[in-house]
Each structure stands twice: as C-alpha cells, then as structure tokens.
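Q: First the structure, then my questions, so here it is.
The values are calculated or read from the model by the stated rules, or taken from the named source; none is laboratory data. Quick caveat: nothing in here was measured; it's all calculated off a predicted structure. Glycine also receives a Cβ, built like all others from the backbone with ideal geometry; neighbour counts cover every protein chain displayed. Each accessible area value is taken on the protein alone, full model and side chains, heavy atoms only, with ligands, DNA and RNA left out. Shrake-Rupley method; radii C 1.70, N 1.55, O 1.52, S 1.80 Å.
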Amino acid sequence: MDMAPPVIPESRPQTTAPVPSSQPQRNLLNPLPLSASQEAQVRDIYYKRVRSRCADEIKDFAACAAGRTFTIPWTCRAQQFAMNSCMIAHATKAESDAAREEWFAGRMEQKSKRDAEAIEIEKRRAEIIEMTRRQEEKERLEAERTRAQNSTKQSQKRNESPDAINNEPKKGWFWGK
C-alpha cells in the first residue's frame, strides 16, 4: 500500500527582509485601536457622510415610496437603483478613512475643550481660595482688634482710682440698702 504524501507544506525561506524592530510600524489612518462603541461612532460618521453625498437620490426614492407599502420594489425600482448606485459609488475606503480622521479631529477638539474648561475651573478655584484667605485674614484682624479693645477696657477699669471704687455706696445685706 502506498501512503499519501504529507499535507504539511515545506517551509520556504523568506524572500523579503524583516522590518527592523527598532522602528515600530505606525498606521497613520488608525493610530489607536478603537473600542466597539468608538468604531460605531466612526461608522455613524461614515454613513452620514455617504448619505449626505447621495441626499438627492435618497429624497427621490423617499418621495416615490411615500404612501406605498408592498408595491415599492416595482414602482420605485429606478429611484432605488439610483440611490443604491450612488451609495455604493461613495462608500469607499477613502470615505471611511476621512470619517475616521473626522472622528479623531472631533475627539481632539473635545479634549482641547475639556482642557480649556479644566484651566478655567482651576483659575476659578484659585480665585476662590484667595478670596477665602483674604476673608479669613480680615476676620482674624477684626478679632485681634476687638480683643485689643476689650483688653484696653479691662485694663482701664483696673487702673481706675481705688477711691472711686470705695466711694460707691456699699450694697448688700450686711451694709444695708
């Protein structure tokens, strides 16, 4: 009995030189791997751009389809074909890349806006802290002033002549009324 030749192909030598590992390859159109929700946002921008380019054909098809139900495929065949042809013609890789770039530009704009808001918040926070410090300093000086006034009044009372204190009529149960 003859055996079948092995199915595993023989390894061939590489014909292209390997990319040096010191320089990582960067995809400039997709600099970051995006999450599923971010990809959905890019896809929404992409579809919006394609629909905007085919707005006239979509309006024609919508006008034809208005008021119809199951007869749309037969009655509006020409408008549907024009709309689909336009959408296919504009749904290109270049349009997808443009949508991705638009998404990244919007993302960077949002980031710069958040950074500007954070700077404004920090300025306001510093201003409030300074106002609070000034108010506390003002209250501290006012408290020192009132303490000084109270201490001078008390020292004046103590320094009054003892004769003035002794000349006062004595009151109480022992001295009479």
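Q: Being of a type outside the set (Ser, Thr, Tyr) and open to solvent by less than 60 Å² (accessible area, probe 1.4 Å): is that true of ILE88 here?
A: no
One line per residue, one yes/no per condition, for (1) surrounded by fewer than 10 Cβ atoms within 10 Å (Cβ to Cβ); (2) at pLDDT below 80:
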position	(1), (2)
THR15	yes, yes
GLN23	yes, yes
ASN30	no, yes
GLU39	no, no
ASP44	no, no
ARG51	no, no
ILE58	no, no
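Q: Which members of segment 60-84 meet the condition of being open to solvent by 60 Å² or more (accessible area, probe 1.4 Å) and of a type in the set (Gly, Ala, Ser)?
A: ALA63, ALA66, GLY67, ALA78
Q: Now for a separate question. Looking at (1) without any contact (Cβ under 8 Å) to a residue 60 or more places away in the chain; (2) surrounded by 10 or more Cβ atoms within 10 Å (Cβ to Cβ), which is the one condition that is false for GLN156?
A: Checking GLN156 against (1) without any contact (Cβ under 8 Å) to a residue 60 or more places away in the chain; (2) surrounded by 10 or more Cβ atoms within 10 Å (Cβ to Cβ), the one that fails is (2).
Q: I'm checking my understanding of the structure. Among residues of segment 73-120 that are part of a helix (DSSP H, G or I) and among the polar types (S, T, N, Q), which one is nearest to ALA36 (Cα to Cα)?
A: SER96
Q: Would you point out the residue of segment 29-72, among those that are hydrophobic (A, V, I, L, M, F, W, C) and not in a helix (DSSP H, G or I), that is farthest from SER96 (Cα to Cα)?
A: First, pick out the residues of segment 29-72 that are hydrophobic (A, V, I, L, M, F, W, C): 29, 32, 34, 36, 40, 42, 45, 50, 54-55, 58, 61-66, 70, 72.
When the remaining residues are screened for being not in a helix (DSSP H, G or I), the result is 29, 32, 34, 54, 66, 70.
On the way: LEU29: 10, LEU32: 15, LEU34: 14, CYS54: 16, ALA66: 31, PHE70: 33 Å.
This residue is PHE70.
Q: Right, another one. Please count how many residues of segment 100-138 are open to solvent by less than 90 Å² (accessible area, probe 1.4 Å), charged (D, E, K, R) and touching a residue at least 40 places away in the same chain (Cβ under 8 Å).
A: So the count comes out to 2.
Q: Continuing with the same structure: Please specify each residue of segment 71-96 satisfying the condition of being without any contact (Cβ under 8 Å) to a residue 40 or more places away in the chain and either in contact with a Phe, Trp or Tyr (Cβ under 7 Å, 6 or more places away or on another chain) or charged (D, E, K, R) (or both).
A: Within segment 71-96, CYS76, ARG77, GLN79, GLN80, MET83, LYS93 meet the criteria.
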